[in-house]
């Protein structure tokens with residue numbers, strides 16, 4: 001059996017140290033050495049000359065060591081002294097936190113020994129400040145990490161509420177694997193049975209028809225990259241039919257994610273099912289452009305016909321734009337329609353132009369209504385193209401020719417009977433009167449709006465109204 | 001034929017009966033394996049201390065070990081982790097662990113707690129949860145207690161802001177902007193109790209209204225001896241006591257408030 005060698009020095013194996021050298025040995029072999037009396041009062045302090053950070057500790061002499069220890073450290077020194085007094089040896093190091101003048105603390109690891117029978121105790125300490133500083137840096141880093149987790153938690157809460165409150169069925173799909181990363185309650189309600197775990201399920205797995213599953217993700221991915229919608233009817237496992245899918249691709253944490261907004265053809269509310277189907281079909285197939293805006297005219301939804309009239313290829317390009325950008329008289333047209341619809345709830349007919357993306361103008365008539373009385377309700381615009389005089393040529397060519405001939409006769413009669421200046425002045429007055437009448441009609445006799453429409457000051461309009469006795 | 005003689009025909013519903021039996025056994029297993037016995041918790045605490053001090057600590061393996069012993073996530077958070085933290089602290093007091101070892105052990109417990117919290121699906125819709133501000137004052141370095149309490153409160157459907165390394169001005173700004181139902185301070189040392197008490201005294205002077213403020217910590221009675229705690233409404237580590245106090249003080253919020261975080 002192996003026996004551990006006795007490593008303690010036997011009496012006589014080291015020479016007797018002269019008292020004048022002992023102090024130096026103690027002071028250099030430790031960072032701080034304390035000599036305690038039998039009543040645990042400090043009788044002497046030796047501080048290593050290399051250790052400057054403690055400052056002057058002479059005021060400790062004559063006072064109890066516990067006066068300079070933190071509350072948590074006091075029981076440790078008391079226990080160790082008790083052990084020494086019962087002739088036990090304290091083999092372990094004591095980690096004590098010294099405190100001096102309130103906030104100032106420093107940790108020391110002491111070895112504690114009795115010096116003889118008279119109860120004197122010596123504490124030989126090693127400074128732990130550098131370890132303590134590292135520990136504090138570690139704790140700070142840990143706190144910073146926890147704070148970022150808390151921030152993430154907060155963002156996650158906002159995100160979850162947003163998804164829960166969104167009526168659109170949304171699924172976030174890994175573009176490469178086709179797996180649903182997460183989805184919102186509306187998506188789960190529409191397309192999955194209650195007992196299914198949506199996450200980690202592949203996107204195509206909810207399609208009923210196996211032939212439709214093949215290449216489905218590729219189709220979505222191509223549409224996402226090409227910025228267009230997948231508009232086709234797809235049957236799902238639980239009997240729903242997808243009407244169209246709007247995919248958008250983005251990057252997150254190195255992954256490519258496709259967010260898919262799915263429009264179900266039917267919804268579960270049986271009572272409104274058919275009506276909603278019909279309304280949706282009307283919206284999508286109407287020969288008239290249908291636009292829903294907020295109360296400020298920001299476009300929220302529009303159908304394909306509006307895109308045709310404005311020569312725009314994708315819905316994304318018009319949604320969130322202001323309708324005024326597409327109206328002939330811009331903000332004036334929009335302001336008049338919105339003001340009237342807010343007052344009376346509906347505008348039956350309003351004539352203006354629609355501007356296409358190529359700059360061409362189309363004559364239109366719009367009817368406007370509010371869907372809700374509250375301020376957040378949407379405004380619905382139904383816009384239909386009306387034939388311009390030029391377009392009418394083919395339909396009523398004979399009448400046009402007749403009118404043209406009559407105009408030429410009138411011109412010939414006028415020339416010679418009045419000077420050109422008189423003819424122009426008189427004609428200008430007639431034109432002004434006609435335009436003012438039109439502006440007043442358009443604005444429901446709102447003179448301020450009519451002045452804006454005509455590009456006149458209100459004062460000038462009043463002068464002209466008076467002139468024409470209107 | 002009397003009721004006593006009714007027998008289920010052997011051929012008809014064997015599958016259903018087996019399914020019922022297994023279901024019942026599984027339910028019983030959950031009940032029976034619940035570590036209600038304090039000795040079980042103590043053993044788990046010892047295991048956690050050993051693993052958290054190991055150089056090959058792996059939170060997933062430790063969690064797996066505890067679950068195989070029949071511990072549920074909530075039991076680990078509510079009982080095993082706090083007990084292990086207490087044991088680490090005691091080991092430092094007994095000088096069987098250095099403070100750097102105790103710090104590493106405590107940090108590993110925190111990692112285990114984070115793993116459990118991340119894996120848990122917290123019921124998101126909370127009908128009448130309160131809103132708490134949990135603070136660890138800047139004078140305190142122990143954050144585990146606050147995080148454990150945070151997890152307990154979140155499980156009950158309360159919404160929290162946990163502010164670590166909190167300064168007086170930050171606490172006032174947060175309270176001013178959010179009007180929390182109560183503020184809870186977590187302390188682990190005598191010094192931090194003293195500093196926290198002084199901070200709360202200033203908070204009381206800043207907010208004149210009746211704002212519930214609590215003080216807690218696993219060893220709070222001992223480490224707060226001799227410190228004036230009159231500015232705290234309660235000095236306790238009981239979540240139930242805190243919630244009950246706030247319920248009485250502030251009443252219930254409207255139903256259907258989203259966001260249990």
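Just so it is clear, none of the values below were taken in a lab; they were calculated from the coordinates. It should be emphasised that the depicted structure is a prediction, and the values quoted were computed from it without experimental measurement. Neighbour counts are summed over all protein chains in view; Cβ atoms, including those assigned to glycine, are modelled from backbone coordinates with ideal geometry.
Give me a single rounded figure for B:147-155: the average over its residues of other chain Cβ atoms within 10 Å of their Cβ.
Across the residues of B:147-155, the mean count of other-chain Cβ atoms within 10 Å is 1.
Roughly how far apart, in whole Å, are the Cα centres of region B:66-89 and region A:209-238?
49 Å
Using the beta-carbon distance between residue A:329 and residue A:304 and R0 = 35 Å, what value does 1/(1 + (r/R0)^6) give for FRET efficiency, to the nearest 0.05?
0.90
Pulled fully out, how much extra length does the chain show between residue A:20 and residue A:430, if you take 0.36 nm times their separation in residues and subtract their Cα-Cα distance?
Here the segment from residue A:20 to residue A:430 would lengthen by 135.1 nm.
Using packing as a proxy for protection, rank B:184-195, B:47-58 so that the peptide with the highest average count of other Cβ atoms within 10 Å comes first.
B:184-195, B:47-58
Obtain the nm distance between the two label points defined at residue B:238 and residue B:96 by a simple spin-label model: each point lies 7 Å from its Cα along the Cα-to-C-beta direction.
Computed distance between label sites residue B:238 and residue B:96 equals 3.1 nm.
Do you know the relative contact order of region A:312-361, to the nearest whole percent, from alpha carbon pairs under 8 angstrom that are 6+ apart?
Relative contact order for region A:312-361 comes out at 37 percent.
Can you tell me the order of A:244-252, B:74-82 when each peptide is scored by its average per-residue count of other Cβ atoms within 10 angstrom, highest first?
B:74-82, A:244-252
Using only atoms on other chains, find how many Cβ atoms lie within 10 Å of each Cβ of peptide A:362-368 and report the average.
The per-residue average across the peptide is 0.
Please give the contour-minus-distance gain from residue A:346 to residue A:155: 0.36 nm per residue of separation, less the Cα-Cα distance, rounded to one decimal in nm.
Net length gain for the segment: 64.6 nm.
Apply the a/c threshold of 1.5 to the C-alpha gyration tensor of region B:129-221 and tell me whether it is rounded, prolate or oblate.
Taking the square roots of the gyration eigenvalues as a ≥ b ≥ c, region B:129-221 is oblate.
Rounded if a/c is under 1.5, else prolate if a/b beats b/c, else oblate: with a ≥ b ≥ c from the C-alpha gyration tensor eigenvalues square-rooted, which is region A:255-352?
Verdict is oblate for region A:255-352.
Going by a ≥ b ≥ c, the root eigenvalues of the Cα gyration tensor, does region B:83-179 fall in the rounded group (a/c under 1.5), the prolate group (a/b larger than b/c) or the oblate group?
In terms of gyration-tensor shape, oblate.
Determine the shielding of peptide A:145-155 by partner chains: average, over its residues, the number of Cβ atoms on other chains within 10 angstrom of each Cβ.
The per-residue average across the peptide is 4.
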